[in-house]
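Presented below is the structure to which this report refers.
The values are calculated or read from the model by the stated rules, or taken from the named source; none is laboratory data. None of the values given here were measured: they were computed from a predicted structure. Here Cβ is always computed from backbone atoms with ideal geometry, including for glycine, and neighbour counts include all displayed protein chains. To get the accessible areas, we keep the full protein, side chains included, count just its heavy atoms, and leave off ligands, DNA and RNA. Shrake-Rupley method; radii C 1.70, N 1.55, O 1.52, S 1.80 Å.
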Amino acid sequence: MTPTGLPDSLIATLPGSAYTDPGVFAQEQERIFETMWCCVARAADLPRPGAFRTVDVGRESVLVTRARDHGVRAYLNVCRHRGARLVTEDRGEVRRAFRCPYHAWTYGLDGTLVAAPNLTRMPDVGRTAYGLAGVAVREWLGYVWVCLAPDPPSFEDDVVGDVVARLGDLDSLERYGIEDLSVGRRIAYDVRANWKLLVENFMECYHCATIHPELTEVLPEFAHGYAAQYYVGHGAEFGAHVEGFTVDGSEGLDRLPGIAREQDRRYYAITVKPQVFLNLVPDHVIVHRMYPVAVDRTVVECDWLYLPRVVDGGADVSRSVELFDRVNRQDFAACERTQPGMSSRLYAQGGVLVPSEHHIAAFHAWVTARLDTHQGGAVSPGNPSGG
């Protein structure tokens, strides 16, 4: 038995309050999502100067746009005058500037204050000092990443480091040429569950034989509960008679030319904390971006990426999209079934992780450390035995 009173094969999870307490969720928004690098948009969604997207990162609305020099900029979506939401649309395009609909303060694509009623009578108002509040921004893998922290952590350590920790090196990811792929399909899911339940679900395959019949036909080892992310560098091998990563195992689309021979006919899953899942297969890449909206609600935007000639040529991607769309819906339904149980008195001290899930304990420890247990209110693994 362990010091917690559990059998050696079981590890305690976080307590139920970690998934239901609005106070814990507020801490997570402040200390995780507002301090780390988050992936917010596909760079190709900002094709021209003036194109923009607005996204929620932690408790903030962030405006991401393409500037006149064709670089990407990000700002807090708040007017510097009286705090009105500057842009209310989730995406769109402006010609030259963003104009606040309240008092018409107007900002250039570079964030500077360019116009306001009677601005010439206020010569002491600095155009830069009263410009939009900038947010750190980075492009990687063809996506835009932002960080709200005044002093952002190392992108290479936090983001790239998660990839290297999973695959063993960065070259294994770069061979997929993700930055040069095109979006063949995008689906947004509104999941009535805490964001951590989604991460935990993605990290293990103990449930695969139960709820993923199509996936286990393509990846037979998943039927045995094998966790794809448990070992560094492991990729789940396609079944002997499977031709492609499709809903019926039929042939896929044009193979990505850069992947190594040992990466062919394999599936790799990577969790990039705090809100990105990468899924790599020989002919496409699937990217999930999570946006926690409430303690019991998470929006997930999922892209299926293919070679540009596949998308531009109008190839039928439905069979490959359908496979992981089914997986997503099966997973999210499971998370939604789990969320109510987090409020049960039975789960007050949490549940347990079986051996094939033990690696999830590292994720729980990471969350607990980010919330800083010394400041109170933070969560720690429970003791389901009651001891």
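What to note about this one:
- Near Cys38, once Lys and Arg are set to +1 and Asp and Glu to -1 for all other residues with Cβ below 15 Å from its Cβ, the sum equals -1.
- Dimensions of the stretch 181-289 based on its C-alpha atoms, expressed as ranges along the principal axes with the largest first, amount to 37, 33, 27 Å.
- Pairs of Cα atoms nearer than 8 Å and 6+ residues apart set the relative contact order; for the chain it is 23 percent.
- The charge dipole of the stretch 280-380, taken about its Cα centre with unit charges on the Cβ of Lys, Arg, Asp and Glu (plus for the first two, minus for the last two), comes to roughly 320 debye.
- Accessible area per residue in Å² at 1.4 Å probe, computed on the stretch 143-232: 42
- Percent accessible area from carbon and sulfur atoms, the stretch 37-192, protein chains only, probe 1.4 Å: 46
- Restricting the stretch 54-138 to chymotrypsin sites (Phe, Trp or Tyr not before Pro) in coil, as DSSP defines it, with at most 14 other Cβ within 10 Å: Tyr102
- Database note for the chain: Cys without another Cys beta carbon under 4.7 angstrom, Cys38, Cys39, Cys147, Cys302, Cys335.
- Label-to-label distance, nm, for residues given as Ala188 and Ala26 (7 Å Cα→Cβ offset): 2.7
- Estimated inter-spin distance, Ala362 and Glu262, nm [label 7 Å along Cα→Cβ]: 1.9
- Accessible surface, the stretch 7-130, averaged per residue in Å² (probe 1.4 Å): 48
- FRET efficiency for the pair Met122 and Glu237, taken as 1/(1 + (r/R0)^6) with r the Cβ-Cβ distance and R0 = 51 Å, rounds to 0.15.
- Inter-part distance where the stretch 162-176 and the stretch 199-247 are each reduced to a Cα centre, Å: 19
- Comparing mean-square fluctuations of His207, His288, His81 from a GNM of the chain with C-alpha springs under 10 Å, the top value falls on His81.
- Test item: Cα-centred dipole of the stretch 126-201, Lys/Arg +1 and Asp/Glu -1 on Cβ, debye: 520
- Gaussian network model of the chain, springs between alpha carbon atoms under 10 Å - residue of Pro123, Pro257, Pro308 with greatest fluctuation: Pro123
- Calculated from backbone phi, Karplus (6.51, -1.76, 1.60) coupling profile of the stretch 60-71 in Hz, x at Gly/Pro: 9, 8, 10, 9, 10, 9, 9, 7, 5, 7, 6, x
- Average 1/r across all pairs of distinct alpha carbons in the stretch 1-76, invert it, and you get the Kirkwood radius: 15.7 Å.
- Available extension along the chain between Asp69 and Arg309 is 83.6 nm, counting 0.36 nm per residue and deducting the alpha carbon span.
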